[in-house]
Amino acid sequence: SASALLALGTTPLLGRFHSQSEDQAGAEPVVVLGNALWQRRFGGSSDIVGQSALIDGQTTTIVGVMPPSFQLFDGSSDVWLPFRFTPEAMLGSQRWLHLVARLK
């Protein structure tokens, strides 16, 4: 969800995280890039926010870049997309779904 990255107590290096409205079905596709991918594919361009990238065959707007120190789970993630909790997405087994929380 949009609040997952925020809940981890980090801030993007550039841009912003996903917004609550971008979690909704039908919202414009957006992405937050991992730092390694930003460096590798976009040369660390400081004007990357607002540009488009093709992800899974869909034109997606880049809204942020994570700092180099950020790692989630095994550190292999290059992009973070809003999940868009539709009824269809919640059918069946959710064994692939990882939960993240921050305790007070």
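The values are calculated or read from the model by the stated rules, or taken from the named source; none is laboratory data. Owing to the predicted nature of the structure, the values given are computational and were not obtained by experimental measurement. Here the Cβ positions follow ideal geometry from the backbone for every residue, glycine too, while neighbour counts run over all protein chains shown. Each accessible area value is taken on the protein alone, full model and side chains, heavy atoms only, with ligands, DNA and RNA left out. Shrake-Rupley method; radii C 1.70, N 1.55, O 1.52, S 1.80 Å.
Would you please give the FRET efficiency between Gln58 and Thr11, computed as 1/(1 + (r/R0)^6) with r the Cβ-Cβ distance and R0 = 30 Å, to the nearest 0.05? Efficiency for this residue pair is about 0.70. Between Val79 and Gly34, the built amide H atoms are under 5 Å apart, and every one of these is 5 or more places off in sequence or on another chain.
Here is the result for the stretch 1-63: no chymotrypsin sites (Phe, Trp or Tyr not before Pro) lie in DSSP coil with at most 15 other C-beta atoms within 10 angstrom of their C-beta. Classify the stretch 6-72 as rounded, prolate or oblate from the Cα gyration tensor: take a ≥ b ≥ c as the square roots of its eigenvalues, call it rounded if a/c is under 1.5, otherwise prolate when a/b beats b/c and oblate if not. Oblate.
Would you rank Leu91, Leu37 by solvent-accessible area, highest first, keeping every protein chain in place and using a 1.4 Å probe?
Largest accessible area first, the residues go Leu91, Leu37.
Taking the square roots of five times each eigenvalue of the Cα gyration tensor of the stretch 46-88, the equivalent ellipsoid has semi-axes of 20, 18, 9 Å, listed largest first.
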